[in-house]
Amino acid sequence: MQIRVTVNGRVYESDVEPRTLLVYYLREHLRLTGAHVGCDTTTCGACTVLLNGKAVKSCTVLAVQANGQEILTVEGLERDGELHPLQKAFWEEHALQCGYCTPGMIMTACELLERNPLPTEEEVRKGISGNVCRCTGYVNIVKAIQSAGRVLAAQKMDPHNQSEVVPSGN
Amino acid sequence: MIPNAFDYFSPTSVDETIALLQKHGYDAKILAGGQSLLPMMKLRVAMPSVLIDINHVDDLRGWREENGYLRIGALTRHADLENERNLMDRYPLLSKTAEWIADVPVRNRGTICGSLVHADPGSDWGAAMIALHADVEIIGPSGVRRVFIDDFFVDTFTTALEVDEIASAVLIPSPIGRAAARYMKLERKAGDFAIVGVALHVVKANDGTILDVGIGLSACGDVPVRAKKAEEWLLGRPLDQETINQASLLAQEEANPATDLRGSAEYKKDLVRVFVKRGLEEIAEELR
């Protein structure tokens, strides 16, 4: 079946079998290998991408269902050679060891921060409960997401200001 | 894992969808959120040769209040209800149930009606819709019919839907008083199916007595279970400690869970008692 999908701002036209899963379309047809195949059973979240701005597990969406839709993968976060604040925060907070879960973790966090720019630790932990990390544990991942949230919030207030916002209250 | 090969259709109207179902019969499956169907197809537990994707049928989208009911269209996702502030006051059980389902990406995709049609006795929406006294709106070749939720669940993974019908919406009676709700769930790990789930919905009258109450139990039988005796006991009474204790004992008697890897039947029955008691105590406090 002929599909037309916008991935990371670029339009792709492809002929796919209806049973092709979105993650395999991204990885094998478009050679965008950022989204990983982990458990392949809708559990681990390594394949998470944004479909029209919403985090989805791309092993549990058909490529034909992305026809006419917009997909954002981890490859689409960088701007002009500059890493996205979430990518930078994962680096700075050492939020990964092997890195296998990282693209999915970052994409889920991307939607979370869109909805809730300054989440509490509990909100982050609930938000990423569908993304499994089997090496670092979650302490630094939570730190990285909160730190990126502060950077993004500061950027929204002043696009030239890269410094962090310290939330009042807690 | 790759699903079996199938023919894919993406109709844009309900009529077109029904016509496809009439043509393909038992070979066809409806695809909405796909969060149960696609994993089943990848495991080859389900192998439909025709997939009818209803995501482009605009009439099945969204929710609205009409004629004393909240009508939740078949394409409404779990996350839509979880985050919908306009519904939290009058229909608190919806967001309280939604937040327990799987995880954020699954909730972004999976639908309420899809979960009901799948008819897993351990589903969270089954128990919640029992508690809310919902009706399922069904469309087929001969038109629209409505089935009470208790009659919709026929057996495990089996509903009252005929082969050429779709569940187009679920309808929840609008509360005529102050409503409070809890969804109590114990799971082995975050996002898992319930060891036991208890959905509680209470509407209080001005004189302090209970005007309407619903108690749905998840993972307590072949289908989602209504704790009917407990509901009947609570109706018209004030929500005091003695009343709550008795309701929790009655609900426990109505649960019929199976012993499995998630726990023994005895353990699960006791969980029902604890959850009904704890949930009603919280509701009593909230509605004070």
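A few notes on this one:
- J(HN,Hα) series, the stretch A:135-148, from Karplus relation 6.51 cos²θ - 1.76 cosθ + 1.60, nearest Hz, glycine and proline x: 10, 7, x, 10, 4, 6, 5, 4, 4, 5, 5, 5, 5, 5
- Annotation: peptides A:123-135, A:6-18, ranked by per-residue average of other Cβ atoms within 10 Å with the highest first, follow the order A:123-135, A:6-18.
- Volume per residue for the protein assembly as shown equals 156 cubic angstrom (convex hull of Cα atoms).
- Helix content alone sets the calculated 222 nm mean residue ellipticity of the protein assembly as shown: runs of n ≥ 4 DSSP H residues at -39500 (n - 2.57) each, divided across all residues, give -9500 deg cm²/dmol.
- Remark: mean inter-chain Cβ contacts per residue of A:126-134 equal 3, using a 10 Å Cβ-Cβ cutoff to other protein chain atoms.
- For the pair A:Q97 and A:Q69, a Förster radius of 41 Å applied to the C-beta separation gives a FRET efficiency near 0.80, rounded to the nearest 0.05.
- Across every direction, the projection of the convex hull enclosing the Cα atoms of chain A has a mean area of 9.9 nm².
- Projecting the Cα atoms of A:V5, A:H94, A:V74 onto the charge dipole of the protein assembly as shown, computed from C-beta unit charges around the Cα centre, puts A:H94 farthest toward the positive end.
- Average beta carbon contacts from partner chains per residue of B:96-106, 10 Å cutoff: 6
- In sequence order, the stretch B:76-84 has phi-based couplings of 5, 8, 3, 5, 4, 7, 4, 9, 7 Hz under the Karplus curve 6.51 cos²θ - 1.76 cosθ + 1.60, θ = phi - 60°, and Gly or Pro positions carry x.
- Difference of contour (0.36 nm per residue) and Cα-Cα distance, B:S142 to B:E16: 44.0 nm
- Ordering of B:186-199, B:71-84, B:98-111 by packing [mean C-beta count within 10 Å, highest first]: B:98-111, B:71-84, B:186-199
- Excluding same-chain neighbours fewer than eight residues apart, the lysines reachable from B:K42 by a Cα-Cα span under 29 Å are A:K54, A:K57, A:K126, B:K23, B:K29, B:K185, B:K189.
- Over the C-alpha trace of the stretch B:7-53, radius of gyration and Dmax come out as 10.6, 31 angstrom.
- Per-residue HN-Hα couplings for the stretch B:257-272 [Karplus 6.51, -1.76, 1.60; θ = phi - 60°; Hz; x = Gly/Pro]: x, 9, 6, 8, 5, 8, x, 7, 4, 4, 4, 5, 4, 5, 4, 4
- Residues A:M157, B:M184, sorted so that the one with the fewest Cβ neighbours within 10 Å comes first: A:M157, B:M184
- On the basis of the beta-carbon distance and an R0 of 56 Å, B:A5 and A:R125 show a calculated FRET efficiency of 0.90.
- Cross-link reach list, aspartates and glutamates versus B:K96, counting only Cα pairs under 12 Å and skipping chain neighbours closer than eight places: B:E82, B:E84, B:D124
- A straight Cα-to-Cα reach below 20 Å connects A:K88 with the aspartates and glutamates A:E75, A:E78, A:D80, A:E111, A:E114, A:E121, A:D158, A:E164, residues fewer than 8 places away in its own chain not being considered.
- Near the amide H of A:A46, within less than 5 Å, lie the amide hydrogens of A:G38, A:C39, A:V132, all on another chain or at least 5 residues away, with H placed in the peptide plane.
- Remark: mean inter-chain Cβ contacts per residue of A:60-66 equal 6, using a 10 Å Cβ-Cβ cutoff to other protein chain atoms.
- D (Stokes-Einstein, µm²/s), Kirkwood Cα radius, the stretch B:63-173, 0.692 mPa s at 37 °C: 235 µm²/s
Taken together, the values in this text are just the output of simple stated rules run on the coordinates, not laboratory data. Keep in mind that this is a model prediction, so the values were computed, not measured. Here the Cβ is made from the backbone with ideal geometry for all residues, glycine too, and neighbour counts use every protein chain on show.
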